[in-house]
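Okay, structure first, notes after.
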Amino acid sequence: MKTAPKSLSLGILSGIRRSLLDLGSATKVELSDKLGISFPTISKFLSRMEKDGEILSAGLDESSGGRRAKRYTYNPDYMLGLAIFLEKTETNYAIFNCAGEVKEQGTVQSVLTDGGLHLLTSSIEAILMANQAIRSLAIGVPGSVKNGRIFYIPGYEQFQDFDIKGYYENLFSIPVVIENDMNAAVLGYHHYKGIKDHQSLVYLYSGQNGPGAGFMINGDVVRGNTFFAGEVSFVPQYDDRNFREALENGTPKEVLISRENQVDAISRLVASITAFINPHTFIFCKDEVEETLVEKIAAASSKYIPPDHLPILEISDWKQDYLYGLQSLGLALMLDSSEKYFRK
């Protein structure tokens with residue numbers, strides 16, 4: 001199948017961006033060899049990118065007897081990304097560059113409970129107006145998402161069945177990705193902790209909207225047949241209670257998990273997931289568990305499944321992992337984007 005010229009051009013552009021970011025710097029010859037693209041084609045693209053300010057000159061290499069080769073680096077601030085995630089009590093955002101450096105981070109009032117879509121739109125618009133270099137938007141939501149449409153977000157009916165990706169791409173003319181909160185968190189943990197791709201991870205968090213989980217198997221986020229994977233609230237555990245009901249046990253959820261019935265419910269979930277996918281690591285949020293509790297969960301889980309097969313139980317910063325995951329999704333959009341998305 002013959003590749004369309006625009007697709008080929010975008011592929012070359014993306015390859016150059018990623019290579020320069022990975023290598024730190026490179027010459028035309030090095031990029032030509034790495035990408036398998038002819039020297040004249042590489043030269044043409046680099047000339048244009050340098051003129052636009054997307055790449056910078058890093059000087060000349062030492063002479064090896066011939067003409068000294070010019071070395072290039074990527075300008076990480078040429079494009080910025082906006083990551084924003086919606087919680088019950090607040091809306092958090094971060095502006096980051098192509099090197100993953102956070103340029104600005106902040107919090108605005110909740111759009112889920114207070115201002116709805118109008119407040120979310122005006123908040124994004126204000127950030128975009130103040131940062132003209134933003135080229136991608138990644139939004140995290142406490143609900144199930146398929147192809148940019150939120151199809152399950154209990155308690156926030158105004159966002160139910162809403163194609164938020166299509167809406168904002170049309171409105172702001174930048175590429176947009178929408179992701180479930182736990183999928184983003186497990187992706188962020190994997191990406192920024194340098195986890196090996198063959199490892200499988202499970203990330204559990206109760207948060208402000210009830211328990212949810214993110215699953216990663218062999219480096220890939222598992223979304224499931226209908227994109228409903230991770231909704232562990234529904235997992236039946238006792239005769240008359242699912243996981244969420246067992247965790248809450250008829251009382252309001254405390255921030256810190258501590259009760260014995262909660263330990264048993266979580267240990268049963270750990271054992272069940274271990275029996276199905278045998279993950280390498282099971283991750284908890286630092287706001288919900290302490291080391292002593294993790295030890296209790298490990299001991300209780302071993303009553304249900306042989307301890308040699310239990311995953312490593314880790315504690316991490318859920319909010320930071322969440323933002324990391326959204327940043328990685330937004331960065332991929334930027335590096336693979338074409339000029340058609342660039343805001344005027």
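Coordinate-derived values only; no laboratory data. These numbers come from a predicted model, not from an experiment. Ideal geometry is used to build each Cβ from the backbone, glycine not excepted, and the neighbour counts take in all protein chains shown.
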Given 88/319; 193/319; 88/165; 88/296; 44/165; 88/196, the pairs whose alpha carbons are separated by over 22 Å: 88/296; 44/165; 88/196
Inter-label distance for residue 101 and residue 152, nm, one decimal - labels placed 7 Å from Cα along Cα-to-Cβ: 4.1
Amide H within-cut-off set for residue 283, under 5 Å, with H built and near neighbours excluded: 202, 203, 204, 314
Helix axis angle, 291-301 relative to the chain longest principal axis, alpha carbon, degrees: 70
Antiparallel %, DSSP beta bridges [both residues in region 115-229], to 5: 70
Calculated from backbone phi, Karplus (6.51, -1.76, 1.60) coupling profile of region 126-141 in Hz, x at Gly/Pro: 5, 5, 5, 5, 7, 9, 5, 7, 5, 10, 8, 9, 10, 10, x, 9
Straight-distance crosslink candidates among aspartates and glutamates, where the alpha carbon sits under 12 Å from residue 103 and sequence neighbours closer than 8 are dropped: 77
Other-chain or far-sequence residues with amide H under 5 Å of residue 75's (modelled H): 55, 56
Cα-based helix-to-principal-axis angle, 39-52 vs the chain, degrees rounded to 10: 80
Listed candidates [x] -0.27; [y] -0.41; [z] -0.17 - label of the one calculated as log10 I(q)/I(0) by the Debye sum over Cα atoms at q = 0.06 Å⁻¹: [x]
Over region 109-163, relative contact order from alpha-carbon pairs under 8 Å, at least 6 apart, %: 25
Residue-averaged [θ]222 nm for the chain, counting only DSSP H segments that reach four residues, each worth -39500 (n - 2.57): -12000 deg cm²/dmol
Sequence-distant residues sharing a close amide H with residue 104 (under 5 Å, placed H): 95
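Considering only DSSP beta bridges where both residues belong to the chain, give the percentage that are antiparallel (nearest 5). Please list the in-between numbers first.
Details: 33 of 53 bridges.
About 60 percent, rounded to the nearest 5.
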DSSP-assigned coil residues among GluC sites (Glu not before Pro) in region 1-93, each with at most 12 further Cβ atoms within 10 Å: 62
Volume in Å³ per residue [convex hull over Cα atoms, computed for region 25-64]: 79
